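See structure below.
Coordinate-derived values only; no laboratory data. Quick caveat, the model's predicted, so the values are computed rather than measured. Using ideal geometry, Cβ is built from the backbone for each residue, glycine included, and neighbour counts are taken over all protein chains shown.
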Amino acid sequence: DAGITQSPRHKVTETGTPVTLRCHQTENHRYMYWYRQDPGHGLRLIHYSYGVKDTDKGEVSDGYSVSRSKTEDFLLTLESATSSQTSVYFCASRRYENSPLHFGNGTRLTVT
Amino acid sequence: AQKVTQAQTEISVVEKEDVTLDCVYETRDTTYYLFWYKQPPSGELVFLIRRNSFDEQNEISGRYSWNFQKSTSSFNFTITASQVVDSAVYFCALSYETSGSRLTFGEGTQLTVNP
């Protein structure tokens, strides 16, 4: 399995504060993804990256931004957290465009 | 629309029963890939299988089997002689030629296997 580490694993923050979630992979995978998981919605794509400094929006990108300055790191930022962004966030990576995704263990974010 | 539908939100069976999880997909592309993932109660997401649109052979791996039918746009997953350890949420997912590098997931099926 790809070595994918998400940090932090748990975070509680207040509405209106900025939050950054980090994803680090050690497999030199080109593609990286951020998903959120909510009951009744499965996994929904927030943003993804197809190379260093190359990113694109997913289906639920409003309120989120990303950056990828190095192959191994993909950051997800909530500029001003809202309660609707309380969720479990998963990072994933893959080597090729249609190869399987390998997931991190998730970050549970609570916005109060 | 290009999407994945897992109509069964929850399934509950008794150990040793066979169970089939349904997955129906929609895509206009002729080249696409289908995936199944397992999410046990511990929360991690585990890759189970990938199938491309040109390979309609069924796949068997131990107690797991997958039935891919392009005619009905389905990629169903069967667990034979289910065990308590099979209890998990199972996700079906789709990527297609014009999706770039995106992978679209269904909403998942919660399978509970009771002893």
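Is there a simple number for the mean count of other chain Cβ atoms within 10 Å of the Cβ of residues in A:41-48, and what is it? Intermediate values should be presented prior to the final figure.
Numbers: counts 3, 12, 11, 3, 4, 0, 0, 4.
For this peptide, the per-residue mean of nearby foreign Cβ atoms is 5.
With label points built 7 Å along Cα→Cβ from the Cα atoms of B:Ser71 and A:Ser69, find their separation and express it in nm.
Here the answer is 5.7 nm between the modelled labels.
Taking amide H atoms as placed 1.01 Å from N in the peptide plane, list the residues 5 or more away in sequence, or in a different chain, whose amide H sits under 5 Å from that of B:Glu107.
B:Gln6
Can you list the HN-Hα couplings for the range A:41-52, worked out from phi with the Karplus curve (6.51, -1.76, 1.60; θ = phi - 60°), rounded to whole Hz and with x for Gly and Pro?
The phi angles translate into 10, x, 9, 10, 7, 9, 8, 9, 9, 10, x, 4 Hz.
Taking the alpha-carbon centroid of each part, what is the distance from the range A:61-112 to the range B:42-115 in angstrom?
23
Of the lysine pairs in the protein assembly as shown, how many meet both conditions: Cα atoms under 26 Å apart, and a spacing of 8 or more in sequence or different chains?
Here the count comes out as 11.
Just to be sure I understand the model, the point goes 7 Å from the Cα along the line to the Cβ. What's the resulting B:Ala81 to B:Asn52 distance in nm?
3.4
List the trypsin sites (Lys or Arg not before Pro) within the range A:44-112 that DSSP assigns to loop and that have no more than 12 neighbouring Cβ atoms inside 10 Å.
Hits after loop and neighbour filter: A:Lys53.
Go through the range B:47-115 and name the chymotrypsin sites (Phe, Trp or Tyr not before Pro) that are in a DSSP coil and have 10 or fewer other Cβ atoms within 10 Å of their Cβ. List each step's numbers first, then the result.
Numbers: sites: B:Phe47, B:Phe54, B:Tyr64, B:Trp66, B:Phe68, B:Phe75, B:Phe77, B:Tyr90, B:Phe91, B:Tyr96, B:Phe105; in loops: B:Phe54.
Sites meeting the loop and neighbour criteria: B:Phe54.
Which of the GluC sites (Glu not before Pro) found in the range A:59-112 are in a DSSP loop and have at most 12 neighbouring Cβ atoms, other than their own, within 10 Å?
Details: sites: A:Glu59, A:Glu72, A:Glu79, A:Glu97; in loops: A:Glu59, A:Glu72, A:Glu79, A:Glu97.
For GluC sites (Glu not before Pro) across the range A:59-112 that sit outside H, G, I, E and B with at most 12 neighbouring Cβ atoms in 10 Å, the list reads A:Glu59, A:Glu79.
Residues of A:102-109, mean number of Cβ from any other protein chain within 10 Å of their own Cβ, rounded to a whole number?
Numbers: counts 3, 7, 2, 4, 4, 0, 1, 0.
Per-residue shielding by partner chains comes out at 3.
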